[in-house]
Amino acid sequence: MKAVAVVAILISTNSYAQCPRIQLTAYIDYNTSARIYPSPYDIDPIIRSSYSDLNGFISFGGEIRALFSRSNSLGTTFQIMASRQQTRTIYGYDPNGNYVSVPIYDGFHLTLFEFNGYFNLPLGGEKWRIYLGGGPALYFGKRDYEIGNAKATTTTSTNFGIQVETGVEYKIASSIGFRGEMKFRSPQFNSTAIFKQGSTTYNNLTISLPPLSVARINVNGTDFTLGIFVEI
């Protein structure tokens, strides 16, 4: 009888491994900060290390996760992160002597593909699941740069990275639940910006536009996500 029970357990485990459950997740993400270095290759170390700090921003993403056992799973994450904020202001006088301010907007657009492995901690019981995870990532990023009403043309950069995370799940039904995660990742890429014209006019103030420039974007903030998942 003991042998039959062991075989039954092995068959059950093997069937679960061969036909894993699929978990589909949609989530909202809050990232605490990002930095834009406008002159990362300048010979002056002060200019080279100067940056514009972007405040926290929200983005959305989704994940497909394969549950191979009660302890292990694999997932693929897709997320689009974007933020553009006013970082500086240019001041001057128009032909009528009016004091005019010209806003400078800077930011980025980043598409992420992440491939993660997860290990569930033996805590939480049937409804709760606490896990650790991490893995490689592929990033496609570009700068979003505008002075007044003149928008720069920017290049897209491809880069690789890694991330680690910890999360907790709670099932409200047999196949539906909520998930919260804290993720540590630091996507970094360079993007070249160039304006098609040499100057622009904003509120009757004509200003010169900078030549071709290369900026470095580092999304260095911590990510906090909240999602809902369905298992099929």
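Summarising the amide proton neighbourhood of Thr222: residues at separation of 5 or more, or on other chains, whose placed amide H is nearer than 5 Å comprise Thr32, Ser33. Between the beta carbons of Ser49 and Asp94, assuming R0 = 35 Å, the FRET efficiency works out to 0.50 to the nearest 0.05. Placing unit charges on the Cβ atoms only, positive for Lys and Arg and negative for Asp and Glu, gives segment 20-231 a dipole magnitude near 320 debye about its Cα centre. Taking each DSSP H run with n ≥ 4 as -39500 (n - 2.57) and averaging over every residue of the chain yields -3000 deg cm²/dmol at 222 nm. What FRET efficiency, computed as 1/(1 + (r/R0)^6) with R0 = 45 Å and r the Cβ-Cβ distance, is obtained for Ile130 and Lys196, rounded to the nearest 0.05? Rounded to the nearest 0.05, the efficiency is 0.30. When the chain is treated as a GNM with alpha-carbon contacts under 10 Å, the residue of Ile172, Ile104, Ile43 showing the greatest mean-square fluctuation is Ile43. Of the residues Gly117, Gly125, Gly134, the one that moves most in a GNM of the chain with alpha-carbon contacts below 10 Å is Gly125.
Listed options for Rg and Dmax of the Cα atoms in Å are (i) 24.9, 81; (ii) 21.0, 75; (iii) 24.1, 98. The value calculated from this structure is the one marked (iii). Taking the chain as the reference, fit the longest principal axis to its C-alpha atoms, fit the long axis of helix 2-18 to the helix C-alpha atoms, and give the angle between the two in degrees, 0 to 90, nearest 10. With rounding to tens, the tilt is 20 degrees.
No value in this document is a laboratory result; all are computed from the given coordinates. As the structure is a prediction and not an experimental result, all values here were calculated from the model. Here the Cβ is made from the backbone with ideal geometry for all residues, glycine too, and neighbour counts use every protein chain on show.
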